[in-house]
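Novice: Quick one: the structure is below, questions incoming.
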Amino acid sequence: MSALQTFLLVVEHDKEEAKRIAEGVAQDVEAKKTTLIEIVQQLGEYINDEDPIIRGKAVSFLTAVIKALPPRFLSRQQIQVLTTFFGDRIEDGGAVTGLEHLQALDRFTVELATETAQALFRNFQDLQSRSQTQRFHMGDESLVGVVDLMTGEKDPRNLMIVFSILKVVMMEWDISNHAELLFDSVYNYFPITFRPPPNDPYGITAQDLKDRLQECISASRHLAPHAIPALLDKLDSTSPNVKKDALNCLIACIHSYDPDTVSRFSITIWDVLKFEILNAQEEFLSDLSLDALKGITQRLSEGVSEVSQELPLAQFLKSITKECNEQLQEPQQRQAKPAQQILSSVSSASCVAFVLVVQTVVAPIFTIYQEADGIAKQRALLETLSVLFQSAVDLFGLWTTRKSEVSIENPLIEFKDQFSDVLGQALMGSAKEEFTFRTTALKAFLRLSVLRDFFQDNEIGLFVQYLDDILLKEESSGRGDLKKEAISALAEISKHKPRLIIDITFPAFVATLPDEDDGTNKNYLPTLDTLAQISVERDIFETLFRRLFGKLSILLQKEQPGSPAYPRAILMTLLYVMRQRKMDSDPSVDLYFDKIVVGLSQSVAETASGQGRNQILSDPTVLDTLGRLCNLLRQQQVAENVYSLFSPADNFIPVPFSQGVTADQERTIIISTYLLAGLSKDCVAHIPYTSPDMSALLLDLVQRAVSESAEPATHLAYLRHVALLANKFLSKQDLPIAEKLFDSLVSSDQQTISPEKIRVIFWLAKALVLRLALTTTHILNSLLDLLSSSDFKTSNATARGFAILLGEDDVVSATNGASIRLLFKQRVFTTVIPLISSRIRDVNITGSEGQAADHIKPAHLTALAGILSTIPPDLVMPELPTLLPLLLQSLDLQTSDSVAVRAATLDTLSVIIRENGVAVIEKCGHVHSLVQRLLKTTELKTSTGAVNTPRLRVESLKCLHLLATKQIPDAAQNTSIPASISPLLPEKALVLRSLRAVLDDPKRDVRKAAVDARGAWLRSVDDAPEEED
Amino acid sequence: MAEMQNSNPTILNVADLPTRNRAAQKTRDSIPEIFAATPDLVDFLSSDSEDDDLLEEPIDEQEIYDLIKYISDPEHPISLGELAVVSLPDISIKPTLPDVIGSPLQTVTVLITPTITHCSLATVIGLGVRVRLEQSLPPRFRVDVRIKEGTHSTGDEVNKQLGDKERVAAALENGALMQVIAKMMETCR
């Protein structure tokens, strides 16, 4: 009989004998009489036996042999083989002990441990599929083995696995006998202080480990008696991060343990968290603590449908509400606020909790309120009530939310009349300057008004009445915010109870609108403003439209209609609301189209032909607003009527090709332009004067635009009209028409080109560049040639035109279907900037040789500023080395003409600094020159006589401020940057000295900016960057 | 941190603190926003007029108050303004040399009201206010920070320390103290 067979026989009843046999074999192995391989081979027939007990014994034999070997006998390879073997056999008794022993050997490496752990992990999946009893039988031994195996593990990769394994163990196995052991095995790692090494070779973050550890600790309720006290202890730590981990873990436990367990510890937890919330040092800690309380309340509410004082929930809440009531006795003191937050958290957790809180809290608050000796105190109490109202809204819903299955009655109903009285009194009965008090009351009232099934309609109506009174009868005080609040409250109510707004607010407001603006007061503006903001709901908008359109129609019939500002304001009100609503899907859109687009366009035509009752519809601002309104109401039939404005030919002469028209008639082009903008591209065939092609129409409009007699508004309309035609409606084949037109405008023989003509040139260029016509480069070059014109006026007007090129426009816009290619800004930028830059360099080198060249440099800098102001910052950054010297030269301009250029430059600089920090400027080597120029721009009285307006001074101070605060750019904030000396340090003394003088600037805004900038330099510019914690 | 001396002080609402009423100055702002949405037709670079350019706005008590009201209390993350440690009526600006006509020198006096009469941090608060003002006011201003009479048990002692240039300078050399003060000023805006 072999040693193995003897072993199998005796192992169960005679442990000593078994051990002796194993030792014998071990000696043989040591003496090289036999090898491990042979032993393992011997095992062969037994370890595949069906009976798990025999398998276990066989594996135990091997384990016993290994145990008997001297510690250093086994080679690394042997250990590896054995580990793999045991790993594969882990489900059999004895394998774990074997692993345990191997692990204790010196030659057992980290890598092997990983392998072991992985083997374990693999096999646990098998375990899951095995029957409960079987698992149970082998449980204890393996469990302890597993835990021992993990002990002392430090490698994050392994820990990730270890935690996962243990989580499964804790969730699936009966751990009641080993809860503490298991808990200790994982809790040893708490708190995780792991920091990924440089380059992060594992891709494991501290958060990953924290999450897994947290899952372990919260895995089983058996851990609660160990985990909760331990975690609460950790809240005594001085490190906010440790406290944060402990709280997160606690919250996870609360959500994962069963309600009974949570209940057992609820009061203990409250006693500790109370301190964290009431004496909050860090806001995130108190927020987490509040989450934990809310979590407990929710867990304790599970399955509870009847309110009773016997509930564990009631016991828990009792201690909380008692504490809060005490704190609220002095509502102005610091701890009242956290008490409020506690009430908010627990009361919003469940309906039952809400009832319990309301029962104990509301009555005492009323008592303190009645006895309060000051309004500030009362306000704090109203805020607390308001917090409860919000919880009610969260739980019981709004009027507009679908009916929920809340079976419990809202406990606030009992106090309904009291609330109404107190809030009404606070809102309307207190002194007008008690602004914050009244606002608080207003907000609380609003919450109750939108709370589902709470107030009756007449009670909400009373509140609406109050709001109307505030808006209509009260004078705006210095802090006009109460009115703002009132408007948004009405707007909110309009979503829930539109009828009340239509019945109460509308009549009251419309009654105050005058028949005309006779110049005595502008009270109609705030009234219309309010109406606009509360009329977004469909029913209300219909009422608004009817009322306002009626007003407008009356105005148009009057001989003496007063100022056009009033009809314009009415139109703007309609415009504002229509923009807020989706007009396309409005069922009444045909009505609006008929009344506004057709009806009012006809009236415009009548007025232009001198047949109107008054001149309202010939006012350019009214026309502009009406045009925008027409633009929103789009229908295809507009195309034929763009110029005729829906009027018969014998009544009205359309603008194009007309001779000797009056300024009134010309002004209708404003409406035509907006109508044209609203048309889709496909309508081009229906637009008059466009066949066989557009050349005649374009030429006619261009000639009108070039004329110096056109009014500004009419002029702009012509420009936009031309641009729309060329950009949107001109087909690709016909594009040369516009390009030829452009060339003819540019290549004029006269030396001076009029500003009007230059604007036409730019708008035409804009139209073509937006669609990236083939000739784009040629167009841009032509513009730059004009910029270099030896004629000062031409060059100057061209310089200002560059902002038009890429600027956003309301009419030639994507919303109006203009063809705007994606990369047009890049194209313009990359074409123009190098040319401008080299031109300026030329001027700098040749100096003052050419007399005429004096204006060239400022003109180019102005053009640059115009382009930069219309370009997204990410385009600017790659060109920075070229741009920065130009920007610095822009700051050297001194005249008052250059104020806008310098302001735009400072704007660009501030964006550059904000996005990229000082580093990019240092890379270009311009820190000193930049700081110097900025400082010069902050000076009130300069030695050179430069004009620095207050705005320039403020802007340059802001740049200085940014320099100091953005030494490390936002994007790089999280990566570790090698500590180095700030490039700003050499400038520090100079900046601090110069800014000291700016502190005495006569302008307050400048002084404020100087204080901030100086503070930032004092604080942040240091030898070494500050350690971010 | 050591045990707090006053863990539950009374707090004023930020919205109730005195502020400069700026909205009233500019009539343009009072036009409701829906009418401001559509801009008038102005070109880029048309110089926007700054007509009140010449109007001088001298440094006044409100401005001093605005400089110091956001300093945080060393004990709480709450501002001195909210705690009513500094208040507008307790700030005054007077000519330093009333007899010399046209002298630009001015003295700012700030009286501090500690939240409790035995507050040992009163000196630190006083120093903080002083440092903030010295960093933020032009050199022609003299800064005088004192404890308001009758609000502190050892007010005279503290005042002596705050008024003594040498002792203030010595205190500011103290790294730990400067750290506390820097922390207090972080919330300034």
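Novice: Enumerate by residue number the trypsin sites (Lys or Arg not before Pro) in region B:82-156 meeting two conditions: DSSP loop (anything except H, G, I, E, B), and at most 14 other Cβ atoms within 10 Å of the site's Cβ.
Specialist: B:Arg140
Novice: Right, here's the next one. Quickly work out the A:Ile554-to-A:Asp155 label distance, labels modelled 7 Å from Cα along the C-beta direction, and quote it in nm with one decimal.
Specialist: Distance between the two pseudo-spin positions: 8.8 nm.
Novice: In whole percent, what relative contact order does region A:790-867 give with Cα contacts below 8 Å and a gap of six or more residues?
Specialist: Computed over region A:790-867, the figure is 62 percent.
Novice: When the scattering of region A:410-512 is computed by the Debye formula from its Cα atoms alone, each counted once and equally, what is log10 I(q)/I(0) at q = 0.12, 0.19, 0.20 Å⁻¹?
Specialist: Those come out to -0.37, -0.93, -1.02, one per q.
Novice: What area, in nm² and to one decimal, does the C-alpha convex hull of region A:566-672 cast on average over all directions?
Specialist: Computing the convex hull of the Cα atoms and averaging its projections yields 6.6 nm².
Novice: If you don't mind, there's one more thing I want to ask. What's the FRET efficiency of A:Leu591 with A:Lys740 using the Cβ-Cβ distance as r and R₀ = 51 Å, to the nearest 0.05?
Specialist: 0.65
Novice: Give the Rg/Rh ratio for the protein assembly as shown, taking Rg as the radius of gyration of the Cα atoms and Rh as the Kirkwood radius, to two decimals.
Specialist: That ratio equals 1.06.
Novice: Greater than 20 Å separation of Cα atoms is the criterion. Which listed pairs, A:Lys67/A:Lys167; A:Lys15/A:Lys57; A:Lys294/A:Lys495, meet it?
Specialist: Distance filter (> 20 Å) returns A:Lys67/A:Lys167; A:Lys294/A:Lys495.
Novice: Additional query: Using the per-residue mean of other Cβ atoms lying within 10 Å as a proxy for protection, in what order, highest first, do the peptides A:726-737, A:755-766 fall?
Specialist: Going by the mean number of other Cβ atoms within 10 Å, highest first, we get A:755-766, A:726-737.
Novice: Counting other C-beta atoms within 10 Å, which of A:His686, A:His496 has the fewest, and how do the rest follow?
Specialist: A:His686, A:His496
Novice: Principal axis lengths of region A:872-1020 from Cα atoms, whole Å, largest first?
Specialist: That gives 43, 32, 22 Å along the principal axes, largest extent first.
Novice: Angle between the Cα long axis of helix A:755-770 and the longest principal axis of chain A, 0 to 90 degrees, nearest 10?
Specialist: Taking the Cα atoms of chain A, the angle to A:755-770 is about 40 degrees.
Novice: Return the calculated 222 nm mean residue ellipticity for chain A, to the nearest 500 deg cm²/dmol, obtained by summing -39500 (n - 2.57) across DSSP H runs with n ≥ 4 and dividing by the residue count.
Specialist: Result for chain A, helices only: -21000 deg cm²/dmol.
Novice: Of A:Arg447, A:Arg72, A:Arg547, how do they rank once you tally other Cβ atoms within 10 Å and put the fewest first?
Specialist: A:Arg72, A:Arg547, A:Arg447
Novice: Give me the distance in nm between label points sitting 7 Å out from Cα along the Cα-to-Cβ direction at A:Glu38 and A:Asp481, one decimal.
Specialist: Taking the two extended label points, one gets 9.2 nm.
Novice: What length, rounded to one decimal in nm, is gained on full extension from A:Arg821 through to A:Leu880, with 0.36 nm per residue of separation minus their alpha-carbon distance?
Specialist: 18.8 nm
Novice: For B:Lys160, give me every one of the aspartates and glutamates with a C-alpha distance below 17 angstrom, ignoring sequence neighbours fewer than eight places off in its own chain.
Specialist: B:Asp144, B:Glu149
Novice: Relative to the first principal axis of the alpha-carbon coordinates of chain A, what is the inclination of helix A:899-923, with its axis defined by its Cα atoms, in degrees from 0 to 90 and to the nearest 10?
Specialist: 20 degrees
Novice: Counting DSSP beta bridges with both partners in the protein assembly as shown, what percentage is antiparallel, nearest 5?
Specialist: 50 percent
Novice: Can you compute the modelled spin-label distance between A:Lys941 and A:Asp503, with each label point 7 Å from Cα toward Cβ, in nm?
Specialist: Result: 7.1 nm between the two label points.
Novice: Starting from the Cα-Cα distance between A:Gln659 and A:Arg613, subtract it from 0.36 nm times their residue separation and give me the gain in nm to one decimal.
Specialist: The A:Gln659-A:Arg613 span can extend by a further 14.1 nm.
Novice: Going Cα to Cα from A:Lys1008, which lysines come in below 22 Å? Please leave out same-chain ones fewer than 8 positions away.
Specialist: A:Lys936, A:Lys941, A:Lys958, A:Lys966, A:Lys988, B:Lys26, B:Lys69, B:Lys94, B:Lys183
Novice: Just subtract the alpha-carbon distance of A:Asn177 and A:Asp14 from 0.36 nm times their residue separation and send over the number in nm, one decimal.
Specialist: Between A:Asn177 and A:Asp14, full extension yields an extra 55.9 nm.
Novice: Against the longest alpha carbon principal axis of chain A, how many degrees, from 0 to 90 and to the nearest 10, is the axis of helix A:457-473 turned?
Specialist: Tilt of helix A:457-473: around 50 degrees.
Novice: Consider just the alpha-carbon atoms of region A:771-824 and return their Rg together with their Dmax, both in angstrom.
Specialist: In order Rg, Dmax, the Cα atoms of region A:771-824 give 13.4, 40 Å.
Novice: Let me ask something additional. Pairs of Cα atoms under 8 Å, at least six residues apart: use those to get the relative contact order of region A:872-1020, whole percent.
Specialist: 27 percent
Novice: Separate question: Taking the number of other C-beta atoms within 10 Å as the exposure measure, put A:Leu446, A:Leu525, A:Leu868 in order starting with the fewest.
Specialist: Result, fewest neighbours first: A:Leu525, A:Leu446, A:Leu868.
Novice: Can you give the average number of partner chain beta-carbon atoms within 10 Å of each beta-carbon in peptide B:9-20, as a whole number?
Specialist: Counting other chains' Cβ atoms within 10 Å and averaging over B:9-20 gives 4.
Novice: With all distinct Cα pairs included, what does the Kirkwood hydrodynamic radius of region B:52-144 come out to in Å, to one decimal, could you say?
Specialist: Answer for region B:52-144: a Kirkwood hydrodynamic radius of 14.3 Å.
Novice: Taking only the Cα atoms of region A:258-396, how large is their convex hull per residue, in Å³?
Specialist: Per residue, the Cα convex hull of region A:258-396 comes to 99 Å³.
Values quoted throughout were computed directly from the atomic coordinates according to the rules given, and no laboratory measurement underlies them. These numbers were taken from a predicted model, which means no experiment stands behind them. Reconstructed Cβ throughout: ideal geometry from the backbone, glycine too, with neighbour counts over all protein chains shown.
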